[in-house]
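Novice: What follows is a structure written as C-alpha cells; I'll ask about it next.
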Amino acid sequence: MIKIIGMGKSVPQKCVTNDELAGFLDTDDEWITTRTGIKTRYVCTDESLTSLSVEASNQALQNANLSAENIDMIICSTLCGDYLTPSLACAVAGQIGASCPAFDINAACTGFVYTLDIASAYIKSGKAQTILIICAEMMSTQADWNDRNTAVLFGDGAAACVITAGDALKYLSLSAIPEITILNLPSDTGNSPFIKSKREKSYLYMHGQEVFKFAVNIVGKDISKALEALGISSAQIDYYVLHQANKRIIDSIRVKLQQPEEKFPVNINKYGNISSVSVPLLLCEMLDEGKIKKGDKLFISAFGAGLTAGCCILIWE
C-alpha cells in the first residue's frame, strides 16, 4: 500500500478578517464566528494557483529528501487550475522540473482522499513508485462576494504530499451520491452561436442546511464502517482529521462519538474552507507542530459537491 513521506503547504499573503468582510457585507464577526468557527481566511491577490502549488510541492519534496526527477507521477486535486487546459498538474510539473505523467481530478472537497486512492492503486500495480499529490484551490474566484452565506466561508491555498509504498494505509472508502442541486458551481457556455440556452458567469451555490445534514450523516456512517472493518473502537483513534467546512459539523460528530476535543484538530478558524486543500493543510500543520507521532492512528474524512465523500485510516509511519 502507501505512506506519506513528505508534506508542504502554501497560502496567499493576504489575510482577510471577519471585520474586513463586515465592511462590505451585511455581517459581523460574531455572526460568522458563531455559525462557522471562521475568524480569518487567506485570499489571492498577486498569487496564482500554480505558484502556490509549486511552493507547496517544493516543500513536500524537500521534506521527503527527494527532487522532482524522483517523481513518477503528479496527481492534482482542484476545482479549476489557472487554465482549463493544460492541467494544473502539468503547469506545476513544468515549474518544478518534473518529467512524468501529470493530471488533475475534481472530486470537490473530497479530492485529497480520492487522490490517495488513485496513488495507492498506481503504486500497488507497480506502475509508479513515488507520486506527488497536490491539492490546490482558489475559492475566492468561485464565491459570490455579495452573498454573505457563502463568501465568508472560503479561502485559497495549496498543500502537497509525497507518496511511496508503505503500510500506513489500513482502510479507504469512497462514495458519491448524484445530487447537484444543493451544492454546485455552473460553468459558462462561451460564445458558441449554436447553444440555445446561454449561461453567464455564475458563482458557487450551496444550500447550507442540506450540506450540514449530509456531512454529519455521511461522516458518522463512514466512521462506523471504518472502525468495524478494522475491529477497533472510536477511542483507539488518536486524531480525527476532518474536512474543515464548518466547526459546528466537526463538533456535532465529536459529540456523537463522545471523544475529547483534542482528538479533533481544527484550523478552520485561520483558513476557512479551502475545499480539497483543507485536510492535507491540517495534516501538514500537525506535523510541523509535532502533534503526529509514529504509530498514531488517524481517521481522515472529507465530503463535498457531487455529493462526494471519502475516508481512510492511516497508521502514521
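Novice: Would you check if there is a residue in the stretch 66-88 being assigned to a helix (DSSP H, G or I) and within 17 Å of Glu137 (Cβ to Cβ)? Break it down into steps so the answer makes sense when it comes.
Specialist: Here is the first cut: in the stretch 66-88, the ones assigned to a helix (DSSP H, G or I) are 68-70, 88.
Subsequent filtering for residues that are within 17 Å of Glu137 (Cβ to Cβ) retains 88.
For the stretch 66-88, residues assigned to a helix (DSSP H, G or I) and within 17 Å of Glu137 (Cβ to Cβ): present.
Novice: Out of curiosity, is Ala107 of a type outside the set (Val, Ile, Thr), open to solvent by less than 10 Å² (accessible area, probe 1.4 Å) and within 15 Å of the chain's Cα centre (by Cα)? Spell out the reasoning first.
Specialist: Numbers: of a type outside the set (Val, Ile, Thr): yes; open to solvent by less than 10 Å² (accessible area, probe 1.4 Å): yes; within 15 Å of the chain's Cα centre (by Cα): yes.
When the stated conditions are applied, Ala107 passes them.
Novice: Of the residues that sit in the stretch 193-233 and are assigned to a loop (DSSP other than H, G, I, E, B), aliphatic (A, V, I, L, M) and out of contact with any helix residue (DSSP H, G or I) (no Cβ under 8 Å at 6 or more places or on another chain), which one is farthest from Pro178 (Cα to Cα)? If you could, list the steps in order and put the result at the bottom.
Specialist: First pass over the stretch 193-233, keeping only residues assigned to a loop (DSSP other than H, G, I, E, B): 193-204, 207, 231-233.
Subset that is aliphatic (A, V, I, L, M): 195, 204, 232.
After this cut, where a residue has to be out of contact with any helix residue (DSSP H, G or I) (no Cβ under 8 Å at 6 or more places or on another chain) as well, the list is 195, 232.
On the way: Ile195: 25, Ile232: 31 Å.
Out of the qualifying residues, it is Ile232.
Novice: Just the residues that are over 19 Å from Asp144 (Cα atoms), open to solvent by 50 Å² or more (accessible area, probe 1.4 Å) and not hydroxyl-bearing (Ser, Thr, Tyr), please, taken from the stretch 28-38.
Specialist: Across the stretch 28-38, the qualifying residue is only Glu30.
Novice: Related question: Does Asp117 satisfy being open to solvent by 40 Å² or more (accessible area, probe 1.4 Å), farther than 19 Å from Val241 by Cβ and at pLDDT 95 or above?
Specialist: On the way: open to solvent by 40 Å² or more (accessible area, probe 1.4 Å): yes; farther than 19 Å from Val241 by Cβ: no; at pLDDT 95 or above: yes.
Answer is no for this residue.
Novice: While we're looking at this one, here's another question. Being surrounded by 18 or more Cβ atoms within 10 Å (Cβ to Cβ), within 21 Å of Ala143 (Cβ to Cβ) and touching a strand residue (DSSP E or B) at 6+ places or on another chain (Cβ under 7 Å) narrows it down to one residue among Leu21, Leu49, Leu25; which is it? Give the steps one after another, and end with the answer.
Specialist: Numbers: Leu21 fails: touching a strand residue (DSSP E or B) at 6+ places or on another chain (Cβ under 7 Å); Leu25 fails: touching a strand residue (DSSP E or B) at 6+ places or on another chain (Cβ under 7 Å).
Just a single option satisfies the conditions, and that option is Leu49.
Novice: Please state which one of Ser202, Ser175 is surrounded by 13 or more Cβ atoms within 10 Å (Cβ to Cβ), hydroxyl-bearing (Ser, Thr, Tyr) and touching a residue at least 40 places away in the same chain (Cβ under 8 Å). Reasoning before the result, please.
Specialist: Numbers: Ser202 fails: touching a residue at least 40 places away in the same chain (Cβ under 8 Å).
One residue alone meets the criteria, Ser175.
To keep it simple, each residue is scored yes or no on (1) more than 19 Å from Gln209 (Cβ to Cβ); (2) open to solvent by less than 60 Å² (accessible area, probe 1.4 Å); (3) touching a strand residue (DSSP E or B) at 6+ places or on another chain (Cβ under 7 Å).
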site: Leu230; (1), (2), (3): yes, no, yes
site: Ser234; (1), (2), (3): yes, yes, no
site: Tyr240; (1), (2), (3): yes, yes, yes
site: Ala245; (1), (2), (3): no, yes, yes
site: Arg248; (1), (2), (3): no, no, no
site: Arg254; (1), (2), (3): yes, yes, no
site: Leu257; (1), (2), (3): yes, yes, no
site: Pro260; (1), (2), (3): yes, yes, no
site: Pro265; (1), (2), (3): yes, yes, yes
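The values are calculated or read from the model by the stated rules, or taken from the named source; none is laboratory data. Worth saying up front: this structure is predicted, and the values here are computed from it rather than measured. Neighbour counts run over all protein chains shown; Cβ positions are idealised from the backbone, glycine included. The accessibility values were calculated without ligands, DNA or RNA, using every heavy atom of the protein model including side chains. Shrake-Rupley method; radii C 1.70, N 1.55, O 1.52, S 1.80 Å.
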